[in-house]
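The values are calculated or read from the model by the stated rules, or taken from the named source; none is laboratory data. Note that the structure is a prediction, hence the values are computed from the model and not measured. Note that each Cβ is placed from the backbone with ideal geometry, even for glycine, and that neighbours are counted across all protein chains shown.
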Amino acid sequence: MCKPLQALALLLAGLSAASCGYRLDGALNPAMKDAHSYAVDMFQNSSFHPEAGLMVTTALTDRLERSGTMRLRPRGQADCTISGRVTGVTRNPLRASTRDSLISSEIGLTINVEYTVLDNRTGKEIVKGHVSGQASFFNNDLGSVQTAEQNAVSYAARQAADDIVTDLTLP
């Protein structure tokens with residue numbers, strides 16, 4: 001294809017993407033329209049799981065970087081700061097063991113997270129919300145239950161982080 005046709009094809013692809021509602025720049029949530037960079041504070045942890053706050057913080061930073069809507073900056077240079085708290089990690093039995101009905105063979109896990117976005121220029125709260133992530137793990141003789149639970153908390157933290165990013169980047 002010659003250069004003018006390539007340029008025209010690229011222009012048409014960009015225009016068709018724009019007409020479908022896709023944006024290549026900035027956050028789409030109206031409350032976040034002036035925020036082009038962010039900092040993430042370490043999430044506090046009020047749960048029994050000692051690393052839950054760290055998992056949410058790490059997952060959120062990763063998800064925001066992947067979304068490409070804002071740039072990660074040090075707190076003093078960012079337009080906004082995202083902070084929050086893991087309010088709980090709860091377990092609930094999903095399936096009983098076939099050998100003993102008092103023992104759960106599959107355990108459901110939910111992580112609950114509150115978050116706040118502050119405008120660093122004005123000090124005002126831009127967005128506030130609550131999200132949760134779910135996972136499950138098996139309580140069996142095949143492996144370490146602690147490792148299985150740790151992996152489930154990590155997965156649920158990533159789900160919660162995905163929900164925060166969705167709240168911040170979609171209308």
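A few remarks follow.
- Of the numbered criteria (1) under 19 Å from the mean Cα position of the chain (by Cα); (2) among the aliphatic types (A, V, I, L, M); (3) crowded, with 18+ Cβ neighbours inside 10 Å; (4) modelled with pLDDT under 95, the one residue 107 fails is (1).
- Check on residue 124, loosely packed, with under 14 Cβ neighbours inside 10 Å, touching a Phe, Trp or Tyr at 6+ places or on another chain (Cβ under 8 Å) and either within 23 Å of residue 29 (Cβ to Cβ) or modelled with pLDDT of 90 or more (or both): no
- Taken over the range 81-101, the criterion of being under 19 Å from the mean Cα position of the chain (by Cα) and modelled with pLDDT under 95 is satisfied by 90 alone.
- Among the conditions (1) modelled with pLDDT under 95; (2) not in a loop (DSSP other than H, G, I, E, B), residue 55 misses just one, which is (1).
- Within the range 27-72, the set of residues being surrounded by fewer than 16 Cβ atoms within 10 Å (Cβ to Cβ) and of a type in the set (Ser, Thr, Tyr) comprises 37, 46, 67.
- Filtered by the rule that a residue be closer than 20 Å to residue 64 by Cα and not hydroxyl-bearing (Ser, Thr, Tyr), the range 135-165 gives 153, 156, 157, 158, 159, 160, 161, 162, 163, 164, 165.
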